[in-house]
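Undergrad: Below is one structure. I have some questions about it.
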Amino acid sequence: MLITSSIVLLATAAGVSAQYRLTRTYDRNNFFDQFHFRDAAYFQRLIGVNDPTNGFVEYVSASEATRAGLAEYRGNQIYVGADSKATVPTSGIGRKSVRLESKQTFDTGLLIADIQHMPGNACGVWPAFWSFNFAESPYSEIDILEGNGWTRQSANTVSLHTCGTCSFPSLQGPELRKDCDLHAGANCEGGDNPAGCGVDGAANSFGSGFNSNNGGAYATLLDSSGIKIWFFPRSRIPSDIVSGRPIPSVTQWGAPQASFQSGGSCNVAQRFSNQTIIINTAFCGDIIYDWTEQTEGNSQCRSAPGGSCEAYVGRNPQAYAEAYWLFNSIKLYQQ
């Protein structure tokens, strides 16, 4: 989408280990205190629209999210959801939801998100767990866990976005797109490559399939060598992650879902810095290119009554009962 207490060993390709330490934990003890709630009024003041991705969504404030039960602690877990009760007219702003942006940023490190549940598949839903550099330069975005929610999608797509030349001749994983550059003007808007570069994940790494396995862990390693992202279903989360001593190496964890190696036209250390962690669930918007598009992915949604993404999302609140995140923790390890 056009954006966490112990000594940890990081095994390098040469087999030499470097010590990492836990620098940040977002959990039941502090989660909502460590994030900004970015509501529609905030975006209206900032950029003149309710949602930067042009969605049919009304992001709400912290106080409203709390009152409506859209952001709360449930036992030791963190619930972040969208409304699934009210019908919404197409003339309105959209379905109520939550968008969180971390108060602190990071340049390098190992970000591990233990996620029990993510928004399930439903027509028009657009969930994302991602990071973004809000500084003027360099423009950079890492989409760790994202999808458009079409009922058939079960594989996550990891994507990177930059403003300026950045491409990878060979991507580790099923290759989709090698060019990360938005191909935009100086303001990084209006580009003709909004999808960026990306790699497909395994089945059941996204949406309802992800939830059927009680979720899992996404581990993102950002350092001078590149960006690597692993996904582990709940039953296969490595013991070193569980114990708080993660060792992000191919030897320990196997091949990552996505690997973007620094070099050539893309120096990852220079391109990707000052990353803000973002969690949100949007509806419709830029990712839903054409509600009537004749593709297998949205065939069920095309046949849904309403005639448009906004109409369907507004008239069918019950379809979004599973449109929520449930986090156990997000942790950041750094040297």
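Read-outs throughout are calculated quantities, based only on the coordinates presented, and are distinct from any laboratory measurement. Every value quoted in this text rests on a predicted model; they were computed, and no experiment measured them. Methodologically, a virtual Cβ is constructed for each residue, glycine included, from the backbone with ideal geometry; neighbour enumeration extends over all protein chains shown.
Undergrad: If packing is taken as the mean number of other Cβ atoms within 10 Å per residue, what is the order of 229-242, 48-61, highest first?
TA: Those peptides, ordered most packed to least, come out 48-61, 229-242.
Undergrad: Mind checking which lysines have their Cα closer than 27 Å to the Cα of residue 85? Skip sequence neighbours fewer than 8 apart in that chain.
TA: Qualifying lysines at Cα under 27 Å: 96.
Undergrad: What distance in nm lies between label points placed 7 Å from Cα along the C-beta direction at residue 335 and residue 178?
TA: So the two model labels end up 2.9 nm from each other.
Undergrad: Along the charge dipole of the chain, pointing to its positive end and built from +1/-1 on Cβ of Lys, Arg, Asp and Glu, which listed residue (216, 259, 170) has its Cα farthest out?
TA: Sorting the options by dipole projection puts first 216.
Undergrad: Kirkwood hydrodynamic radius, region 7-334, all distinct C-alpha pairs: what's the number in Å?
TA: For region 7-334, the Kirkwood estimate is 20.1 Å.
Undergrad: Determine the percent antiparallel among the DSSP beta bridges restricted to the chain, to the nearest 5.
TA: Counting only bridges with both partners in the chain, antiparallel ones make up about 95 percent.
Undergrad: With no solvent and one equal point scatterer per Cα, compute the Debye intensity ratio I(q)/I(0) for region 42-81 at 0.35 Å⁻¹ and report its log10, rounded to two decimals.
TA: With one equal scatterer per Cα and no solvent, log10 I(q)/I(0) is -1.08.
Undergrad: Okay, helix-only estimate at 222 nm for the chain: each DSSP H run of n ≥ 4 adds -39500 (n - 2.57), divide by all residues, round to 500 deg cm²/dmol; what do you get?
TA: Result for the chain: -2500 deg cm²/dmol, rounded to the nearest 500.
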